[in-house]
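Before any comments, here is the structure.
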Amino acid sequence: MNILRIDASARLERSLTRKLATHFLETLLAGTPDSEVAKRDVGVTPPDFLTEAWIAAAFTPEKQRTEQDRRVLAESDQLIAEVKAADLILIATPLYNYGMPASLKAWFDKVVRIGQTFSFDLSRGDVPIEPTLSGKTLVILTSSGEFGFEPSGIRHADDHLVPHIQTVAKYLGAETVEIIRIEYQEFGDQRHDHSVERAFQNATTCAQKLARSLNTHRAHKLHL
C-alpha cells in the first residue's frame, strides 16, 4: 500500500496532529510492513499560492503550453503525482480560525486541477465537473482549541475544516473517509486529556481495521 502523509500544522514538537499521525502510521505499518510512505509537510514548506499565470497555464491545453507554463505548473504536477500514487491519504491538520490552515488550502488548490483530478464538460448539463480519481481512502486527523464540532455538536456550524475537506475529497479519489478529532486544547483540562486519549485509541482502532481490510483483500486476490 502506498501512503501519502500530509502535515499542515505550523507547530512541530508541540503539534498534536503530528503526534497523532505518527501513532496512526506506526500502527498501520505494524500490520502492513511492506507499505511505503511519502511525506508532504505543507506546514513547514507550504505550496505557492495560485497566481493568474498558474490559472492560465492550468486551463491551457497541454499541447499548447509553453515552457514557462510547464515551469509554473511543475509544483502542482509533483503534488498531483503524489496523490495519484497513493492508496491512502492521511491529512493531519489543526483547525485554524474555524477553517483549514492556509498552507493546506494552497495544497488543495494545486491538487484539484482540470485535466488531472477532474474533467469539465458542459454537455453534462448542470454538473459539468467530474472527479477522475477513485478507489482511495482518506483519513483526517484534526485538533481544535474548542469542542463540539462534530455533526451533533454545539459548534457544528462553525466547523469549516472537516466539511471543506469532505467536499473536495472526491477530487483526491477518496471513496472512504475516516475522521478522528482532538478537542478542548485551549481548555487544557481533564476533558482535553480524555479527548487526546480517545483520539489515540480511535487512531489505533482505525489503523488496525484498515490493515486487516488490506490483508483480507490481498488474501482474497491470492485465491482467485
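The values are calculated or read from the model by the stated rules, or taken from the named source; none is laboratory data. Quantities reported herein were computed from a predicted structural model and do not represent experimental measurements. Quick reminder, even Gly has a Cβ in these numbers, built from the backbone with ideal geometry, and neighbours come from all protein chains shown.
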Tabulated pairs, the range 88-103, first under 30 Å from THR32 (Cα atoms) and modelled with pLDDT of 95 or more, second among the hydrophobic types (A, V, I, L, M, F, W, C) and in a strand (DSSP E or B), C-beta under 6 angstrom, 6+ apart or interchain:
LEU88/ILE3; ILE89/LEU4; ILE89/LEU138; LEU90/VAL139; ILE91/ILE6; ILE91/ILE140; ALA92/LEU141
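Rundown of residues vs (1) loosely packed, with under 13 Cβ neighbours inside 10 Å; (2) farther than 30 Å from ASN202 by Cβ; (3) in contact (Cβ under 8 Å) with a residue 24 or more places away in the chain, yes/no style:
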| position | (1), (2), (3) |
| --- | --- |
| SER15 | no, no, yes |
| PHE24 | no, no, yes |
| ASP41 | no, no, yes |
| ASP48 | yes, yes, yes |
| ALA58 | no, yes, yes |
| PRO61 | yes, yes, no |
| GLN68 | yes, yes, no |
| ALA74 | yes, yes, no |
Can you confirm whether ASP41 is more than 17 Å from LYS105 (Cα to Cα), in contact with a strand residue (DSSP E or B) (Cβ under 9 Å, 6 or more places away or on another chain) and not basic (Lys, Arg)?
no
List the strands (runs of 3 or more DSSP E) inside the range 113-224, counting only whole elements, that have at least 3 residues being surrounded by 12 or more Cβ atoms within 10 Å (Cβ to Cβ).
129-131, 136-143, 174-182
List every residue pair whose Cβ atoms lie under 7 Å apart, where the two residues are 6 or more positions apart in sequence or sit on different chains, the first residue falls within the range 188-217 and is within 16 Å of LEU138 (Cβ to Cβ), and the second residue, located anywhere, is hydroxyl-bearing (Ser, Thr, Tyr).
ALA203/THR27; ALA207/THR27; LEU210/THR137; LEU214/THR32
